[in-house]
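See below for the structure under consideration.
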Amino acid sequence: MQGSLCKRSRTPRSKKYPVDRLSLLPDDILHQVLSSLDFLDVVRTSVLSKRWRYVWTTMPYLNFDMDWYVQHNYDYNSELLGPQYKFWDFIKWALLLRDQSQIMRICLYSDNTITHQINGLLRVAARQKVQELSILDGDYTAYGLEFPRVLCDTLAVLTVNFHDTIPLRVTAVFSNIRSLKLTRVHISGNAAEKLLSSGCAKLEDVYLEDCQVGDLEQIDISAGNLKNLTIVNVCTLDKFWVVGCFDSKLRVCAPNLLSFCYIGPMLLGFALVDTGSLKNVTVRLLRVPKGYEDEYKNHGLCPERFIGFNNAKTLTLSTVVVKYFCPTYCESQWDTFLLDNVNRLELELRHNAGYIEGLINLLKLSPNIEVLVVRFKEDRQIPRSRKKSRKACLAIKNSSTWKSRIEAIACLSYHVKFIQIVDLDGTEIALELVKFLLQNGKVLERMEIMIGNEKKKPNSFFQPLNLPKTSEVVVSFPEYARRKIPWFDQGDSDPEYDD
């Protein structure tokens, strides 16, 4: 009886008309689902059902991709207008047929720049009080982007990425901006004040790549809420080797700054002022290309040009910086350059005695570090066409030999507990450095060695080191993923020879 009741209570579901649960969702959820699609595809959803007919007219996230539009909605055989004009006609009608709801984000991908059309889109963004704006993949244009005053007040996220430098014309301070990412943009002195001044009270993230800054002796970045600042002062177009998009002093006043990264040639000076919250500082100085040496002859490295670096907890330096700490290479006195707040030091080295002596000098100036990371860089090949004198060949040979020694260094004697060696290739000078660190690391607990030569076996490294059997340091050889290096820094970031 009980079994029959249970059997009668079961009602089979109809499989003829399945429930469309996606269409039952409210518009806000549907907008989030469609937010990553190109707007052409969003419009096409209107044919799905009556429920979807007008969803696109209330869409607050608009993505316009010219390549996608041409690929899926343009016929070269029948169209009279060029693809770029049809693409902008589609944008115009899409904006006209929308309802009056607010647009939160506009993202434009267009490699055929029509400046007056983009500026028209900026005016629409101003009327709609758009909060996020991205203009990507633009090509050369002689005219600039003009940002209306209302748009300057409402934008929270701005991303501009062009293939060639485009001027930026700004009429007011970006008072609500949180994230600013500019690539190949010309920033005048007036625009720099409105983008990076104390009036940008909400600014948290700044990324500047290959940007030209107006003729300013000093670039001031003053934002009370700024947390991350990255400047790539080098032309990053593939295989186009030019460094130094701007050349001036850089002054940063940001009490909440957590991370600072600079990639490019040496500037006239760095000053990190009122940065007590600073955690990570990365300075990757690149060599100056041949023919530009006279422009940078007064850009030597000295303590007066690195103000505020002592506030960092983690300091990362490239080979060019490390070499300047070698006493025989640089005449500057680094005794006053004390890094007593740094507890993690990451350095890049070449297989050269000068770089190793620079590392040792940096260790002496960093008495409280607990973690040391050393990454060896591949030696740059000297062209055969460049003949060397006997004296130059002897100097190169001497620079590639270095022997370990016992030396009392405060951080190695009392604080350094972990050392990581990356891309160790087994050469004599590299193994001597490992031996030096093991001999002088009085409190060292663990060392990791990442082998750069895959054909080398870990066991082949122990015999040349000749370590004492009573050593309590745990030496391991873990596998690791190689760091992806930008093309402009692959073995070409500093001169291997100076003559």
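Quick one: how many residues across segment 209-230 are closer than 9 Å to Phe246 by Cβ and either within 20 Å of the chain's Cα centre (by Cα) or surrounded by 20 or more Cβ atoms within 10 Å (Cβ to Cβ) (or both)?
4
Taking Asp247, is it out of contact with any helix residue (DSSP H, G or I) (no Cβ under 6 Å at 6 or more places or on another chain) and open to solvent by less than 60 Å² (accessible area, probe 1.4 Å)?
no
Are there any pairs with C-beta distances below 6 angstrom linking a residue in segment 414-435 that is on the phi > 0 side of the Ramachandran plot to a residue that is open to solvent by 40 Å² or more (accessible area, probe 1.4 Å) and in a loop (DSSP other than H, G, I, E, B), with the two at least 6 apart or on different chains, and if so which?
Gly426/Lys456
Give me the pairs, please: first residue somewhere in segment 255-278 and under 13 Å from Asn225 (Cα atoms) and open to solvent by 10 Å² or more (accessible area, probe 1.4 Å), second residue anywhere and of a type outside the set (S, T, N, Q) and in a strand (DSSP E or B), beta-carbon distance under 6 Å, and either six or more positions apart or on two chains.
Short answer, once both residue conditions are applied: Asp274/Cys253.
Give the number of residues within segment 71-98 that are open to solvent by 30 Å² or more (accessible area, probe 1.4 Å), over 20 Å from Leu151 (Cα atoms) and not aromatic (Phe, Trp, Tyr). Break it down into steps so the answer makes sense when it comes.
If we filter segment 71-98 for residues that are open to solvent by 30 Å² or more (accessible area, probe 1.4 Å), which is where we start, we get 71-81, 84-86, 89-90, 92-93, 95-97.
So of that shortlist, the ones also over 20 Å from Leu151 (Cα atoms) come out as 71-81, 84-86, 89-90, 93, 97.
Right, trim to not aromatic (Phe, Trp, Tyr) and you get 71-73, 75, 77-81, 84, 86, 89, 97.
Residues meeting the conditions: 13.
What are the residues in segment 436-451 that are of a type in the set (Asp, Glu) and more than 31 Å from the chain's Cα centre (by Cα), if any?
Taking segment 436-451 and keeping what is of a type in the set (Asp, Glu), we get 445, 448.
Within segment 436-451, just Glu445 meets the criteria.
When both residues are 6+ apart or on different chains and their Cβ atoms are under 6 Å apart, which pairs have a first residue that lies in segment 304-333 and is touching a residue at least 60 places away in the same chain (Cβ under 8 Å), and a second that is open to solvent by 50 Å² or more (accessible area, probe 1.4 Å)?
Lys323/Tyr329
Kindly indicate whether Ile166 is among the β-branched types (Val, Ile, Thr), farther than 19 Å from Asp65 by Cα and under 20 Å from the mean Cα position of the chain (by Cα).
No, not satisfied.
Out of all the residues in segment 101-153, which are open to solvent by 50 Å² or more (accessible area, probe 1.4 Å), outside any helix (DSSP H, G or I) and under 18 Å from Leu40 (Cβ atoms)?
Arg105, Tyr109, Asp111, Asn112, Asp137 - these are the residues of segment 101-153 that are open to solvent by 50 Å² or more (accessible area, probe 1.4 Å), outside any helix (DSSP H, G or I) and under 18 Å from Leu40 (Cβ atoms).
State all residues of segment 80-102 that are more than 23 Å from Gln131 (Cβ to Cβ) and not hydrophobic (A, V, I, L, M, F, W, C); if no residue qualifies, say none.
Gly82, Pro83, Gln84, Tyr85, Lys86, Asp89
On the basis of being part of a strand (DSSP E or B) and in contact (Cβ under 8 Å) with a residue 12 or more places away in the chain, does Leu62 make the cut?
Judged against the criteria, Leu62 is a match.
Enumerate the pairs (first residue in segment 221-245 and among the charged types (D, E, K, R) and in a loop (DSSP other than H, G, I, E, B); second residue anywhere and modelled with pLDDT of 85 or more and open to solvent by 40 Å² or more (accessible area, probe 1.4 Å)) with beta-carbon separation below 9 Å, excluding pairs fewer than 6 apart on the same chain, so at least 6 apart or on different chains.
Lys227/Glu204; Lys227/Asp205; Lys227/Asn256; Lys227/Leu258; Lys227/Ser277
Being open to solvent by 10 Å² or more (accessible area, probe 1.4 Å) and over 16 Å from Ser248 (Cβ atoms) is the filter here; which residues of segment 198-208 pass it?
Answer for segment 198-208, where residues must be open to solvent by 10 Å² or more (accessible area, probe 1.4 Å) and over 16 Å from Ser248 (Cβ atoms): Ser198, Gly199, Ala201, Lys202, Glu204, Asp205, Tyr207.
Which strands (runs of 3 or more DSSP E) does segment 297-376 wholly contain that include 2 or more residues that are in contact with a strand residue (DSSP E or B) (Cβ under 9 Å, 6 or more places away or on another chain) and within 20 Å of Ile429 (Cβ to Cβ)? Spell out how you get there, then give the answer.
Details: elements: 314-317, 344-349, 371-376.
Hits in segment 297-376: 344-349, 371-376.
Within segment 288-299, identify whether any single residue is open to solvent by less than 30 Å² (accessible area, probe 1.4 Å) and modelled with pLDDT of 90 or more, and answer yes or no.
no
Looking at (1) over 27 Å from Asn310 (Cα atoms); (2) open to solvent by less than 30 Å² (accessible area, probe 1.4 Å); (3) of a type in the set (Ser, Thr, Tyr), can you tell me which one Ser179 breaks?
(1)
The values are calculated or read from the model by the stated rules, or taken from the named source; none is laboratory data. It should be emphasised that the depicted structure is a prediction, and the values quoted were computed from it without experimental measurement. When we count neighbours, we look across all protein chains shown, and the Cβ atoms used for this are built from the backbone with ideal geometry, even at glycine. Surface accessibility is based on the protein's heavy atoms, side chains included, excluding ligands, DNA and RNA. Shrake-Rupley method; radii C 1.70, N 1.55, O 1.52, S 1.80 Å.
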